[in-house]
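Notes follow once the structure below has been shown.
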Amino acid sequence: MGSVENIREEIRLIAHCLIERVLGPALTSDFLGIICEKMVEAGVPLYRVSLSWRTLHPTIEGLSFSWLKNHGMEDIQFRGHGSSSDSKNLDWQLSPLKYVVDNQLPFFRRHLTGPEARLDYPVLEQFRDRGATDYLITAVGFGPPPEMEPVYEGVLMSWCADATQGFSEQEIVEIKYISTYLGVAIKLALRERASLNALTAYLGEKTAKQVLGGKIRRGDGDLIPAVILYCDLRNSTGMAEVLTGPEYLRTLNQFFDCTAGAVIDAGGEVLRFIGDGILAIFPIAEGTCQRALNAAIEAEERIKRLNRQRQADCLDPLSYGLGLHTGEVMHGNIGVPERLDFSVTGPAANEAARIEDLTKQLGYRVLASKPFVDETRGDWVSLGSHALRGVGSELELFALATTQISPTDVNRS
């Protein structure tokens, strides 16, 4: 155990290091582990440290990081929205962390050994059995913005000691001190990450990084070669007329799970959801066309699986059209200065939409232009040259043989 002065001095150096890091590279779990290691070197008898907080992310509600002495970062847990299992929910209900949140406590302590031991939560017995002697919780609240629901916003930190006598009073003072700095560091890192998460959810990862990098003025953009994928759900107007609002939105989201989900999994970027359609790109690199084709094939398979489930539920199957094309597009900001959209424009983007539109007439769900087909390995069927609506020249089009539309689907389109 270090002297009081040594611990105080070292903790302040660690706090300074934290602030320097927040102003530089992104805060990482490895760096949080380094902070714990430095505290041990300073003389704080840490056995285990855990930090938990909520996130602004479309699929992840919260994160938990755990550090274990002699093992480093032990666990990184992602908690999905509404995905808590019964066992995890019960663990939370019986957790001292919940007690701290419910009672808005900034500090909580339990001795785990000796005459003052109080093991009134199951997790405390588990820590005692693993060699911990003392348990603290420090809570650093951020305070929810007025427009948000009154849920806890902040960082919960739990600290276990393995020294025979647990934490000394001075060590507790220093843990409270460093907890404030950790809270500031994590809040700033969360705000930065929340901006990227929110923009990524609405714009896609690559575009979000460009916007955060400063491309925020109308006209900012680049001319890039890309594969353009345009996909559209058939008979959406008819479905909207007979389904309730929630039922229609659920159907749309199921369709997007199949199509946009396949694009994202293949490394593409969904730029826009246009009513019941999607516009996506794959910036050109080696193998890009094949990845885009693989996305189209995967989307077809997902739609088939969805339709089997819909048939079992006595629902009509979904039908769609998908067009693939390559060319140069302007990838950048359009709109009015006060309200911008980051999208792609240019003849190639228009041609991709017109190719998709021809799926209604040519009897196949997936059509592609010759420049695209020439860069792929697929079961293609040439359909000859066709005029595209609003485009002066004709293009030779190819159909993916496995996506021929049945007469029933043609009528439904």
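Considering every residue within the stretch 199-222, establish whether at least one is at pLDDT below 90, of a type outside the set (D, E, K, R), over 24 Å from the mean Cα position of the chain (by Cα) and crowded, with 17+ Cβ neighbours inside 10 Å.
Looking for residues that are at pLDDT below 90, of a type outside the set (D, E, K, R), over 24 Å from the mean Cα position of the chain (by Cα) and crowded, with 17+ Cβ neighbours inside 10 Å, one finds at least one in the stretch 199-222, hence yes.
With the condition being over 27 Å from GLU301 (Cα atoms) and without any contact (Cβ under 8 Å) to a residue 60 or more places away in the chain, I'd like the strands (runs of 3 or more DSSP E) fully within the stretch 335-413 carrying at least 1 qualifying residues.
Counting at least 1 such residues, we get 339-345, 380-387, 394-400.
Would you mention how many residues in the stretch 19-36 are modelled with pLDDT of 85 or more and under 27 Å from the mean Cα position of the chain (by Cα)?
Residues in the stretch 19-36 being modelled with pLDDT of 85 or more and under 27 Å from the mean Cα position of the chain (by Cα): 3 in total.
Of all residues being modelled with pLDDT under 75 and not small (Gly, Ala, Ser) in the stretch 383-413, which is nearest to LEU358 (Cα to Cα)? Just the residue, please.
VAL410
Can you name every one of the strands (runs of 3 or more DSSP E) wholly within the stretch 94-183 that holds 3 or more residues which are among the polar types (S, T, N, Q)?
Per the criteria, no element qualifies.
Could you grab the pairs with beta carbons closer than 8 Å, sequence gap of 6+ or different chains, first residue in the stretch 129-143 and touching a residue at least 12 places away in the same chain (Cβ under 8 Å) and within 15 Å of ALA185 (Cα to Cα), second one acidic (Asp, Glu) and surrounded by 15 or more Cβ atoms within 10 Å (Cβ to Cβ)?
Listed by first residue and then by second, the contacts come to GLY141/GLU153; PHE142/GLU153.
Tell me which of these VAL242 doesn't satisfy, since it passes every other one: (1) aliphatic (A, V, I, L, M); (2) surrounded by fewer than 15 Cβ atoms within 10 Å (Cβ to Cβ); (3) over 18 Å from PRO317 (Cβ atoms).
Going through the list (1) aliphatic (A, V, I, L, M); (2) surrounded by fewer than 15 Cβ atoms within 10 Å (Cβ to Cβ); (3) over 18 Å from PRO317 (Cβ atoms), VAL242 breaks only (3).
Looking only at the stretch 199-207, decide whether some residue is in contact with a Gly (Cβ under 9 Å, 6 or more places away or on another chain) and either free of Cβ contacts under 8 Å to residues at least 60 places away in the same chain or assigned to a helix (DSSP H, G or I) (or both).
There is no residue in the stretch 199-207 that is in contact with a Gly (Cβ under 9 Å, 6 or more places away or on another chain) and either free of Cβ contacts under 8 Å to residues at least 60 places away in the same chain or assigned to a helix (DSSP H, G or I) (or both).
Of TYR152, TYR181, which residue is modelled with pLDDT under 90, out of contact with any Ser or Thr (no Cβ under 6 Å at 6 or more places or on another chain) and surrounded by 14 or more Cβ atoms within 10 Å (Cβ to Cβ)?
Just one listed residue meets the conditions, TYR152.
Name every residue in the stretch 282-328 that is of a type in the set (Asp, Glu) and surrounded by fewer than 16 Cβ atoms within 10 Å (Cβ to Cβ), in order of residue number.
Across the stretch 282-328, the qualifying residues are GLU286, GLU301, ASP313, ASP316, GLU328.
Checking ASP374 against (1) crowded, with 16+ Cβ neighbours inside 10 Å; (2) out of contact with any strand residue (DSSP E or B) (no Cβ under 6 Å at 6 or more places or on another chain); (3) of a type outside the set (Lys, Arg); (4) within 19 Å of PRO283 (Cβ to Cβ), which single condition isn't satisfied?
(1)
For LEU322, state whether it is in the same structural domain as SER385 (by TED's automatic domain parsing) and either closer than 18 Å to ARG389 by Cα or free of Cβ contacts under 8 Å to residues at least 12 places away in the same chain (or both).
Here the answer is yes, as LEU322 does meet what is asked.
Would you call ALA352 of a type outside the set (Asp, Glu), more than 34 Å from the chain's Cα centre (by Cα) and more than 24 Å from MET239 (Cβ to Cβ)?
No: the conditions fail for ALA352.
Yes/no per residue for (1) in a strand (DSSP E or B); (2) within 25 Å of ALA240 (Cβ to Cβ); (3) assigned by TED's automatic domain parsing to the domain that holds VAL242:
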| position | (1), (2), (3) |
| --- | --- |
| PHE282 | yes, no, yes |
| GLU286 | no, no, yes |
| CYS289 | no, no, yes |
| ALA295 | no, no, yes |
| ARG302 | no, yes, yes |
| ARG305 | no, yes, yes |
| GLN309 | no, yes, yes |
| LEU318 | no, yes, yes |
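Out of the stretch 303-333, which residues are among the charged types (D, E, K, R), at pLDDT 95 or above and within 30 Å of THR207 (Cβ to Cβ)?
Scanning the stretch 303-333 gives a single hit, ARG305.
If we scan the stretch 232-250, do we find a residue that is modelled with pLDDT of 95 or more and in a strand (DSSP E or B)?
yes
Hey, can you tell me all the residues within the stretch 124-145 that are buried (at least 16 other Cβ atoms within 10 Å of the Cβ) and at pLDDT 95 or above?
Across the stretch 124-145, the qualifying residues are LEU124, PHE127, ARG128, ALA132, THR133, ASP134, TYR135, LEU136, ILE137, THR138.
The values are calculated or read from the model by the stated rules, or taken from the named source; none is laboratory data. Keep in mind the model is a prediction, meaning the values are calculated, not measured. Using ideal geometry, Cβ is built from the backbone for each residue, glycine included, and neighbour counts are taken over all protein chains shown.
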